[in-house]
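See below for the structure under consideration.
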Amino acid sequence: MAYMALYRKWRPGGFSELVGQEHVSRTLSNAIKTGRIGHAYLFAGPRGTGKTSTAKILAKALNCEKGPTPNPCNQCEACQKINAGTSMDVFEIDAASNRGIDEIRDLRETVKFAPAEGRYKVYIIDEVHMLTMEAFNALLKTLEEPPAHVVFILATTEAHKVPATIQSRCQRYDFKRITAGDIQGRLQLVADSMELDYEPEALHLIAMKADGGMRDALGLLDQCAALVQGKLTVDQAGNFLGLIGRQWIEALVEEIAKRDGAGVLAKVGELLQGGKELSQMLSELALYFRSMLILKSVGNVQEMDYGGNNPEALTRQAAAFSQAKLMQDIRRIHGAIAELKWSPQPRITVEAALLELCQSEAVLEAGVAEKPAKAGSSGEESVRISQLEAKLAKLMNMVQSGQLPSLTAKGSDGTAGKAEDGQGVEQSSPGGIVEIQSVDAGNLHKKLLQFLRGHGGGALSCMEKSAVLSVGNGQVVIGCQNEMVKGLMERIYKKKIEAALGDILGGAVKVHFKLAEMVQKAPEPEPDLPDIPPPEDENEGIVNIDNLPAGEQYQLRHAAEVFGGGFTEAPEED
């Protein structure tokens, strides 16, 4: 007899054998017991989680000679034909290769006929999201009101691509990723039945690599069993799966904890010489950092966490990192994984990321050069010292560059002196928003206009039609002349206005806009201009706006709304 792959041989035969989908099996079993059998089901979830297997179990439950029953016997002729794929009443359709309207029209013709052998005709449409929109429309009416003897089961890995009109006519069941613990338990059962000698840690690696898919896990076990001779060890499984290995990752983290850049680069060279993938190394490194983060946050690690089977080393290395630093490093590793997909020099990308992990948290925040750790100091002490030094250097740079005001001298009465130019003392709040004790709104408006004349563009035009109404508590309220100016300021120029005010005030502020009546300035005296003789034709130079193209009409009316003014009535033509 021809060899059968493990994922086919160990396909679940009943609802009780489904792994990790108890919510689905329990609901369907109860529906069959009570006779509440739907006419259409939508099974959605990641690949390899049991969608097609559940569809076949449901088909057997409906057509079993002892049914309808939630526990098909798998012994009667109907069950055996469904298992073998030769049943005349169960149709498996691959929507990826039968996605057109013609195939769906053929299906609509066949649903009219009664079942050939069993009680129900079951149509299993796999990867249903691959159907064309025309095919979905052709299926819609049949799916809404099928004959009483027909049950549709639609399976998909991308439910968001299935039209809402189709989903609304189905009972939807969401299949979840299977946990590594459930997968490992199933693999142990299969390996024991095969009389395969193995190390439990080897099956654990396979379960982690499967990433929630039982079919993938069984396929990997099938390949490992064919590869090894004798006992399946951790090293054999790791080499076959292309894994880096926990011991190598622990050695790399040791170099990162010591902030030894040379040691990190040497480990990368060693990895490449061994023919390993840089992306796999980063993935396992992220998992190890996650385990350290969980240990720092919760105090222990779950059994299935990467590195959890060596808690002593994990605890010792986690002590060299703060919780904030671990979160920061995980974000940097994930960024390097994304960069690696497009990088022309993957090694440089990885080396730069790993060297950045060697930097202290304070150095990464402040962006200043790092000083070497003092001899004999522990990892936690070195981090705190570097944080204090970096923050002090950052504050001194901000004072020297004028970004922070210098401290005001106290008067004889012990009170702080007042700032010049009518502006009070500015203080930086913990959230980074500047707290303005006293600022003259009119003076601030003038400074803002002066600043925007060099950078503003459209923002300057809008600001000239506006005014600063109030300043305080890290917020600036600007009144706008009309709805159009207010809309432009909110949609387009808000960030530029906030940035300009931040430069002027020396700290971040939030800007709010509202409608306000503007104070009209007194008209300035018109300059003396030379007399210009009037044109011979009094209507010369006057253009009727209604005669212009639509685009030019819109531009002129828009300019009038922004800059004020209006139009002169066109003279009547003779």
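The values are calculated or read from the model by the stated rules, or taken from the named source; none is laboratory data. All values reported here derive from a predicted model rather than from experimental measurement. Using ideal geometry, Cβ is built from the backbone for each residue, glycine included, and neighbour counts are taken over all protein chains shown.
Can you find even one residue in the stretch 80-90 that is in contact (Cβ under 8 Å) with a residue 24 or more places away in the chain, assigned to a loop (DSSP other than H, G, I, E, B) and surrounded by fewer than 17 Cβ atoms within 10 Å (Cβ to Cβ)?
yes
Within the stretch 412-485, considering only strands (runs of 3 or more DSSP E) that don't extend past its boundaries, which have at least 2 residues that are closer than 16 Å to PHE513 by Cα, at pLDDT 80 or above and hydroxyl-bearing (Ser, Thr, Tyr)?
466-472
Which numbered condition in (1) modelled with pLDDT under 90; (2) touching a Pro at 6+ places or on another chain (Cβ under 9 Å); (3) surrounded by 13 or more Cβ atoms within 10 Å (Cβ to Cβ) is the only one that PHE136 fails?
The failed condition is (1).
Among the residues of the stretch 160-195, write down those that are among the small types (Gly, Ala, Ser) and touching an Asp or Glu at 6+ places or on another chain (Cβ under 8 Å).
Correct list: GLY181 only.
From the set of residues in the stretch 170-218 that are over 25 Å from the mean Cα position of the chain (by Cα), within 20 Å of VAL24 (Cβ to Cβ) and small (Gly, Ala, Ser), which is surrounded by the most Cβ atoms within 10 Å (Cβ to Cβ)?
In this case the residue turns out to be ALA217.
Looking at the stretch 302-319, is at least one residue within 26 Å of GLN345 (Cα to Cα) and crowded, with 21+ Cβ neighbours inside 10 Å?
No, the conditions are met nowhere in the stretch 302-319.
Does the stretch 279-288 include one or more residues that are within 26 Å of GLN21 (Cα to Cα) and in a helix (DSSP H, G or I)?
yes
Select from the stretch 226-245 the residues that are of a type in the set (D, E, K, R) and either within 13 Å of LYS276 (Cβ to Cβ) or at pLDDT below 85 (or both) and list them in ascending order.
Residue satisfying the conditions is ASP235 alone.
Look at THR49 and say whether it is without any contact (Cβ under 8 Å) to a residue 24 or more places away in the chain, β-branched (Val, Ile, Thr) and not in a strand (DSSP E or B).
Answer is no for this residue.
Here is a check on your reading of the model: is LEU221 within 27 Å of VAL19 (Cα to Cα), touching a strand residue (DSSP E or B) at 6+ places or on another chain (Cβ under 9 Å) and either modelled with pLDDT of 90 or more or not in a helix (DSSP H, G or I) (or both)?
yes
Among the residues of the stretch 8-57, which ones are among the charged types (D, E, K, R) and surrounded by fewer than 22 Cβ atoms within 10 Å (Cβ to Cβ)?
ARG8, LYS9, ARG11, GLU17, GLU22, ARG26, LYS33, ARG36, ARG47 - these are the residues of the stretch 8-57 that are among the charged types (D, E, K, R) and surrounded by fewer than 22 Cβ atoms within 10 Å (Cβ to Cβ).
Report those strands (runs of 3 or more DSSP E) wholly inside the stretch 112-196 carrying at least 2 residues which are closer than 30 Å to GLN229 by Cβ.
Filter on the stretch 112-196 gives an empty set.
Evaluate the following for LYS514: is it part of a helix (DSSP H, G or I) and modelled with pLDDT of 85 or more?
no
For the condition of a type outside the set (Lys, Arg), closer than 29 Å to GLN184 by Cα and touching a residue at least 24 places away in the same chain (Cβ under 8 Å), what is the one hit in ALA313, ALA336, ALA324?
ALA313
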